[in-house]
Amino acid sequence: QQPVQSPQAVILREGEDAVINCSSSKALYSVHWYRQKHGEAPVFLMILLKGGEQKGHDKISASFNEKKQQSSLYLTASQLSYSGTYFCGTAIQGGSEKLVFGKGTKLTVNP
Amino acid sequence: NAGVTQTPKFQVLKTGQSMTLQCAQDMNHNSMYWYRQDPGMGLRLIYYSASEGTTDKGEVPNGYNVSRLNKREFSLRLESAAPSQTSVYFCASSYLGPRNTEAFFGQGTRLTVV
């Protein structure tokens, strides 16, 4: 049930763009995105709901393809502060209230 | 507001010892979760509680028990610690379930079992 994230790691220079993908084998109610910096707790970025509603970050965008159970996180004009590990979390249709995360994508932004 | 508070922050246990990790939130959230984080494995769900009085197993529940003491508190117990339970443990909460509300995380408990 754990969603699959790709790539596992990305290295960028400041100002470059990146895309992180998340896919599930189950139908989803929603997809969450979180960022975790080293030694800290994960922090919420964005939630994408079934039906198209989206809540979250104003400088990072994301998409949710409900038919394919896939989501992508778009980081444009990356800043040094974007460095960290990004996790997608999924709420699977079927009645349970589990929030299950992928293994993460480590993003490094260099000057 | 304090948000989600976990205690202790660090703990070293000997194999076979027991302990309880405490978690409390002051945001009037209904759902609470326990995760463990190991290198390369992401965040794996141990147990969750959709509301006060209910708990359910996650992906890796073996070796753990939980108690949803009241709406604010959700504790995780290791009855007989094993080295494989060495990990960073995160508690999280959300106002409703994950279908439409985000989760807020505590600062984590770093547990070492020797």
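None of the figures in this text is laboratory data; all of them are computed from the coordinates on show. Keep in mind the model is a prediction, meaning the values are calculated, not measured. Methodologically, a virtual Cβ is constructed for each residue, glycine included, from the backbone with ideal geometry; neighbour enumeration extends over all protein chains shown.
If packing is taken as the average number of other Cβ atoms within 10 Å across a peptide's residues, how do A:10-20, B:35-45, B:69-79 rank, most packed first?
In decreasing order of mean packing, A:10-20, B:35-45, B:69-79 become B:35-45, B:69-79, A:10-20.
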Exercise. With each label point set 7 Å from Cα along the Cα-Cβ vector, what nm distance links A:Gln8 and B:Asp26?
Worked result: 4.2 nm
Exercise. What is the percent of Cα-Cα separations in chain A that go past 16 Å?
Worked result: 55 percent
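From other protein chains only, count the Cβ atoms within 10 Å of every residue's Cβ in B:88-101, then give the mean.
Across the residues of B:88-101, the mean count of other-chain Cβ atoms within 10 Å is 5.
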For this session: Provide, as a two-decimal number, the C-alpha radius of gyration of the protein assembly as shown over 2.2 N^0.38 Å, N being how many residues it has.
Result: 1.00
Problem set entry | Partners for B:Lys57 among lysines (Cα-Cα distance below 23 Å; same-chain residues under 8 apart left out) | A:Lys26, A:Lys98, A:Lys103, B:Lys71
For this session: With the Cα gyration tensor of region A:1-61 in hand, convert its eigenvalues to equivalent ellipsoid semi-axes via √(5λ) and list them largest first in whole Å.
Result: 21, 15, 13
Seminar exercise, completed: Under the rule rounded for a/c under 1.5, else prolate if a/b exceeds b/c, else oblate, using alpha carbon gyration tensor axes a ≥ b ≥ c, region B:6-45 is classed as oblate
Seminar exercise, completed: Across all Cα atoms of chain B, Rg and the largest Cα-Cα distance (Dmax), in Å, are 13.2, 41
Problem set entry | Considering only chain A, percent of DSSP beta bridges that pair antiparallel, nearest 5 | 90 percent
Exercise. In straight Cα distance, which lysines are under 21 Å from A:Lys106, not counting same-chain residues fewer than 8 positions off?
Worked result: A:Lys37, A:Lys59
Problem set entry | Nearest-0.05 FRET efficiency for B:Asn65 and B:Tyr95, computed from C-beta distance (R0 35 Å) | 0.85
